[in-house]
Amino acid sequence: MSEPIAQPTSTRLIDDAPWERYRRPYVRDLAYALACPNVLTQWIDFAPHENTHAIAVHSAHFWQSQFKAYEQRLTELDTTNDYQALTRYLLKRPSPNRLGFHFEGLLSFWLEDGFARKLHPYETLANNVQLFNGKQTTGEIDLILYNHQDKLVEHWELAIKFFMGSAPFEPVNWVGINANDNLQRKMTHMQTKQFRAVWVETENHGQVKIDKRYGIIKGRFFLPIDTNNFSYPAWLAPSFPMHEWCDKNDIANLATIDTTQLRAAHYIEWFTKRSFYDAYQTQTVWSDNEPPATGLYFVGDRPIVIYPRQPNQMDEAS
């Protein structure tokens, strides 16, 4: 791996969260889906001995530019009845309550709405395209786009991930609530499954040949609560949203959390916090004999994950 990029500890919590300025929850989520950078500064090839294609990633500057170009439209969605169009679009999609599908719906809305308003050059040719080996379904492609600026057919594969890290903070050490899910495994699956496709059959545009492939992985990462002087690996975007996690059996660090402000987050708040939940949920407390449940919590506006694994157990993830 490349040498890490040293960053001061204060960068662990993202300083610039422009999505927080919006009042309506789905608009905040949409702003977050755009303004959040890709976790990756570069694609890492975890399957060098397989016949796979080159994969690119969009820079943090790319996503910041897309957010800026769409900023006025976000304000319209936040302040007018146009919000109903966003709500209807998201809720009519399959499984809108699953975080991955919600993320895909947000970016799909931006792609279609933004292209119609000439705010970006990406025309959606197809989404959720089934892949087959004979009559057997082998996978699904998220987005096939035509980039009118570069004259290329692009395949965008999306992932929204909320991973807890442990030293030495390589991709395999960033693990989800499901311990079998980690960043290295997700990237390997994307590279060896979805990104193998070359020709894709679309409903409205016939068969198209993919010219370029982009892996888009966003979300939030959580560092151990007592981490000091964390250095960002070269592959990890320095502006990626970074927060904290704590082992549910770590009594010493749990004692540093102000339980008078603590509440469990609703599932959708892995994206952005819904302040209207604050007044209707009793405070979560625990005793030495009853550790907290696993999940995402808020201490005021500070997100923190409580998780039942010691860091050295996470190091063994593969």
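Computed from the coordinates by the stated procedures, all read-outs in this text should not be read as laboratory data. Everything numeric here is computed off the predicted structure, so don't read it as measured data. Neighbour counts are summed over all protein chains in view; Cβ atoms, including those assigned to glycine, are modelled from backbone coordinates with ideal geometry.
The charge dipole of the chain, taken about its Cα centre with unit charges on the Cβ atoms of Lys, Arg (+1), Asp and Glu (-1) only, comes to about 760 debye.
A crude spin-label estimate for the pair residue 47 and residue 148, with each label 7 Å from Cα along the Cβ direction, gives 3.4 nm.
Counting only whole DSSP H helices of the chain, the ones at least 18 Å long by C-alpha along their axis and with mean Kyte-Doolittle hydropathy no lower than 0.0 are 99-116. The GluC sites (Glu not before Pro) found in region 154-232 that occupy coil by DSSP, while having at most 14 further C-beta atoms within 10 Å, are 203. The stretch between residue 117 and residue 69 holds 16.2 nm of extra length on full extension. This uses 0.36 nm per residue minus the Cα-Cα distance. Ordering 153, 285, 27 from the fewest to the most neighbouring beta carbons within 10 Å gives 285, 153, 27. Among beta bridges identified by DSSP and lying wholly in the chain, the antiparallel ones come to about 65 percent. Placing +1 on the Cβ of every Lys and Arg and -1 on the Cβ of every Asp and Glu, with no other charges, gives region 209-269 a dipole of roughly 560 debye about its Cα centre. Mean residue ellipticity at 222 nm, helices only, the chain: -7000 deg cm²/dmol; runs of at least 4 DSSP H residues each add -39,500 (n - 2.57), and the sum is divided by the number of residues.
Between residue 274 and residue 181, how high is the FRET efficiency from 1/(1 + (r/R0)^6) when r is the Cβ-Cβ distance and R₀ = 30 Å? Nearest 0.05. For R0 = 30 Å, the calculated efficiency reads 0.75. As a proxy for reagent exposure, 117, 302 were ordered by neighbouring Cβ count within 10 angstrom, fewest first; the result is 117, 302.
The relative contact order of the chain, computed from alpha carbon pairs under 8 Å that lie at least 6 residues apart in sequence, is 22 percent. Distance between the pseudo-spin-label points of residue 207 and residue 294 (7 Å out from Cα toward the beta carbon): 4.6 nm. In terms of its alpha-carbon gyration tensor, region 191-271 comes out prolate; a/c meets the 1.5 threshold, and the first ratio a/b outweighs b/c.
Shown for 286, 63: other C-beta atoms within 10 Å of each C-beta, ranked fewest to most, produce the order 286, 63.
Simple spin-label estimate for residue 198 and residue 99 gives 3.7 nm between the two label positions (7 Å along the Cα-to-Cβ direction from each Cα).
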